[in-house]
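J.: Dumping the structure here so I can ask a few things about it.
What follows draws every value from the coordinates through simple rules; no lab data is involved. All values reported here derive from a predicted model rather than from experimental measurement. Because the Cβ atoms are built from the backbone with ideal geometry, glycine has one as well, and the counts that use them run over all protein chains shown.
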Amino acid sequence: ATTFCQGGSVVLNANTGTGLTYQWKLNGTNITGATSASYTANASGSYTVVVTNTSTCSSTSTATVVTVNALLTATITPATATTFCQGGSVVLNANTGTGLTYQWKLNGTNITGATSSSYTANASGSYAVVVTNASTCSSTSTAVVVTVNALPTATITPATATTFCQGSSVVLNANTGAGLSYQWYNNASAISGATSASYTANASGSYTVVVTNASTCSSTSTAVVVTVNALPIATITPATATTFCQGGSVVLNANTGTGLSYQWKLNGTNITGATSSSYTANASGSYTVVVTNASTCSSTSTAVVVTVNALPTATITPATATTFCQGGSVVLNANTGTGLSYQWKLNGTNITGATSASYTANAS
């Protein structure tokens, strides 16, 4: 064909014969050096050939018109950065114009269906576009390299149970690796200063970690829910005084509530069978109660000290015989000791004024 795109050519062949010589012309002007029977034309114009025989007689051929259609420009302009993280993309824009058609290529291979003036690239590789005009002349753009950086893994592994009682905690461990950095979140809010591979959680909530790699690509882990169960209240209210004499007692009452259970302790040791909300204490010591709620969380009360004072000895020693004639008497002597006081009784009734260690009895 004598119509083709810039960069192409057509071979023009003159008739041949013995003793013939040739001069090719373009637009009526001799083409320097073009004296063969054939000429390869790569420029637009009207080509003729002058054929001369051995008699120096010449003839000029009918002109052949060659049309060389100009190539168009083919360029790619990325709308944003061509290096990004997995899950992102970049729009690649080819030059536009009337009658242009397009074919996008990735690593030299046509991308099926990619025939618009723009292409959204989300995979790594070398992208080019072939732009064709109405004359079916095509140009291929300079390649644009797209780099898609991989996302890091983001996982949380709790070191222990994630449901526990107030005052405890759980260590949450993110995956580790070279060049990784971390930001921990609770209920989608960043935890200030929580940028290590591990985080010790002591509050309820939904914990996630954002892991970022050296390419500044980030992934968010699946959430780990931490549940911190409240501690129960543990108090003791004595019903009466906690200091009394041997043979007495005091009822100690713990706080009550739905689902609570109890264990009473004396001097830090469990009292066997003392699992009610009340306990009757009749021995000296430091009493506490451990209150446990339905979540199996326990609190220990402040101690209540019970003091049981020992009873004194009480004996009577008659000084003489206790049987005698009317008009006689007998001295009755009680035991003595520091700090003792006395009250004598006759037939169970206090004897008025009889408060000494001895009493002289003269009546039956």
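J.: Kindly indicate whether any position in the range 307-326 is closer than 30 Å to Ile233 by Cα and touching a strand residue (DSSP E or B) at 6+ places or on another chain (Cβ under 6 Å).
T.: Among the residues of the range 307-326, at least one is closer than 30 Å to Ile233 by Cα and touching a strand residue (DSSP E or B) at 6+ places or on another chain (Cβ under 6 Å), which makes the answer yes.
J.: Which of the numbered conditions does Leu151 fail, given that it passes all the others? Conditions: (1) farther than 30 Å from Leu71 by Cβ; (2) without any contact (Cβ under 8 Å) to a residue 60 or more places away in the chain.
T.: (2)
J.: Among the residues of the range 60-87, what is the count of those that are out of contact with any strand residue (DSSP E or B) (no Cβ under 6 Å at 6 or more places or on another chain), closer than 16 Å to Val148 by Cβ and loosely packed, with under 14 Cβ neighbours inside 10 Å?
T.: 2
J.: Given the range 175-240, what strands (runs of 3 or more DSSP E) lie entirely inside it while holding 3 or more residues that are of a type outside the set (Ser, Thr, Tyr) and touching a residue at least 40 places away in the same chain (Cβ under 8 Å)?
T.: Counting at least 3 such residues, we get 205-212, 224-229.
J.: Also, quick follow-up: With (1) touching a residue at least 40 places away in the same chain (Cβ under 8 Å); (2) aliphatic (A, V, I, L, M); (3) touching a strand residue (DSSP E or B) at 6+ places or on another chain (Cβ under 7 Å) as the list, and Val330 as the residue in question, which single condition is left unmet?
T.: With (1) touching a residue at least 40 places away in the same chain (Cβ under 8 Å); (2) aliphatic (A, V, I, L, M); (3) touching a strand residue (DSSP E or B) at 6+ places or on another chain (Cβ under 7 Å) applied to Val330, the lone miss is (1).
J.: State the number of residues belonging to the range 137-174 that are more than 40 Å from the chain's Cα centre (by Cα) and surrounded by 13 or more Cβ atoms within 10 Å (Cβ to Cβ).
T.: Number of matching residues: 5.
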